[in-house]
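Input: a single structure, listed below in structure tokens.
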Amino acid sequence: MEDNMYTRWLLVRRILGQITPGESLELDAILESDPDARALRDELQSIPPEELQEAFSSFDVHTGLLDVYDREQDMRRRRRNTIVRSILGTAAAALVAGAVWFTWLSPGTQIEQAPLATGNPDGSASLVLEDGTTISLADTGLQKHNGTAASFTNNNRVLELGGDQSPSEGWTTLVVPARLDYQVKLSDGSTVWLNSRSRLRFRFEQGKQREVFLEAGEAFFKVQGDAKNPFTVHTPEGDVLVLGTEFNVNTYSEKRMVASLVSGKVAIRHGVDRIELHPGHQALVNAGETITVEDFDPARTLSWREGVHYFDNVAINEISVMLDRWFNVDLVIDSPDVGSQRFVGRLDRNKPIQDFVNAINLTGEVTFYWKGNKLHVK
């Protein structure tokens, strides 16, 4: 059986009535061509549905990758049925992997990445003024700055620029490095929450249009309404025009922007294209293409604000980008084939990176290991 883990996951979903039409067609094709898959189907069907449901529901895909190890250990202690244990519990590499983390064979994926903000050499965030002056920002505690060019308060990575605290003139750029996120309260009362490796350039002047440039990375915006002075978010691939709303903008991938609307109403502009978004929808803007609109899951799209990133059919190549972004760790991929392996799961930057390493290694599909201070995968 070419992908035992994924086939197992599809079979359990069908037995429990949770399979989608597309997954059902895929499973039928697997069963028709693979006698091992048919044998596995018969074996799974011999398990009482209530026991299968209990085992399957104990592994929630939304709880993510980093819960795999603890859940697998707990299941080993609790399960007494030999058949269930052998089919569902082998090092959590079968059902656990299907529910939280599974391989999806799709080689050759290329991840294009825009140049990323780095911050200061010491790893702290920075505020760069129009004249090139760079002010280092503290990661924790209270920091106050009173200068002729700029005055601000930085309290535990919340940067506040109120009326008389705004920079006196010119553009100001907030640079957020790896590992950190940052919030900035703009002088109009709007708030921008920046993810790791992001850059935001802004300048507000009384009586003029409010506008910011998300030059790299990702940000969540909560904009104060002001019909006379629209708020505009410029990105390399298009603009988001706002009156008053909450939305997320992701520009991490080169030549691509995704704007996800939580509440209110925004317009997306890309070249001659212009569309209006409604809550629960997101616009996908790719260089040289027309704007497309689709639904999105706020719990997943906005989870980065809680320090959680979900993977959904994502290659190791892209996971390596997240490890760098959130842990400032370079991943050495030992071979191209390994880099194209795809997974479902999650990464939690509030937990040690070793928890991630232990959990992904449980799948048996790839092996993460340390060589000196470098993280490798083979």
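The values are calculated or read from the model by the stated rules, or taken from the named source; none is laboratory data. Keep in mind the model is a prediction, meaning the values are calculated, not measured. Neighbour counts run over all protein chains shown; Cβ positions are idealised from the backbone, glycine included.
The lone criterion from (1) in contact with a strand residue (DSSP E or B) (Cβ under 7 Å, 6 or more places away or on another chain); (2) modelled with pLDDT of 90 or more; (3) of a type outside the set (Asp, Glu); (4) surrounded by 16 or more Cβ atoms within 10 Å (Cβ to Cβ) left unmet by Thr172 is number (2). Being at pLDDT 90 or above and either surrounded by fewer than 18 Cβ atoms within 10 Å (Cβ to Cβ) or not assigned by TED's automatic domain parsing to the domain that holds Leu161 (or both) is a property that Ala267 has.
Restricting Ala267, Ala259 to residues that are under 19 Å from Phe202 (Cα atoms) and either in contact with a helix residue (DSSP H, G or I) (Cβ under 6 Å, 6 or more places away or on another chain) or among the small types (Gly, Ala, Ser) (or both) narrows the list to Ala259. Based on this model, can you work out whether Thr232 counts as outside any loop (DSSP other than H, G, I, E, B), in the same structural domain as Thr251 (by TED's automatic domain parsing) and either on the phi > 0 side of the Ramachandran plot or modelled with pLDDT of 80 or more (or both)? Against the criterion (outside any loop (DSSP other than H, G, I, E, B), in the same structural domain as Thr251 (by TED's automatic domain parsing) and either on the phi > 0 side of the Ramachandran plot or modelled with pLDDT of 80 or more (or both)), Thr232 qualifies. For residues that are under 26 Å from Asp181 (Cα atoms) and charged (D, E, K, R), tally how many sit in the stretch 344-378. The qualifying residues number 6.
Results for (1) aliphatic (A, V, I, L, M); (2) farther than 22 Å from Gly225 by Cα; (3) assigned to a loop (DSSP other than H, G, I, E, B), shown as yes or no for each residue.
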| residue | (1), (2), (3) |
| --- | --- |
| Glu276 | no, no, no |
| Pro279 | no, no, yes |
| Gln282 | no, no, no |
| Ala299 | yes, yes, no |
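Under the condition of being modelled with pLDDT of 90 or more and of a type outside the set (Val, Ile, Thr), which residue from the stretch 355-373 is farthest from Arg305 (Cα to Cα)? Looking at residues that are modelled with pLDDT of 90 or more and of a type outside the set (Val, Ile, Thr), I get Lys371. Here Asn313 meets the list (1) in contact (Cβ under 8 Å) with a residue 60 or more places away in the chain; (2) in contact with an Asp or Glu (Cβ under 9 Å, 6 or more places away or on another chain); (3) outside any helix (DSSP H, G or I) almost entirely, failing just condition (2). Looking at this structure, is Ala283 at pLDDT 90 or above, out of contact with any helix residue (DSSP H, G or I) (no Cβ under 6 Å at 6 or more places or on another chain) and farther than 22 Å from Met322 by Cβ? Yes. Does any residue of the stretch 339-362 turn out to be more than 30 Å from Met257 (Cβ to Cβ), surrounded by fewer than 18 Cβ atoms within 10 Å (Cβ to Cβ), over 21 Å from the mean Cα position of the chain (by Cα) and not polar (S, T, N, Q)? Within the stretch 339-362, not a single residue is more than 30 Å from Met257 (Cβ to Cβ), surrounded by fewer than 18 Cβ atoms within 10 Å (Cβ to Cβ), over 21 Å from the mean Cα position of the chain (by Cα) and not polar (S, T, N, Q).
Residues considered: Val262, Val249. Of these, the only one that is assigned by TED's automatic domain parsing to the domain that holds Arg210, aliphatic (A, V, I, L, M), closer than 23 Å to Val321 by Cα and in contact with a Phe, Trp or Tyr (Cβ under 8 Å, 6 or more places away or on another chain) is Val249.
Per the conditions (1) more than 26 Å from Trp326 (Cβ to Cβ); (2) crowded, with 19+ Cβ neighbours inside 10 Å; (3) among the aliphatic types (A, V, I, L, M), the sole criterion not satisfied by Leu214 is (1).
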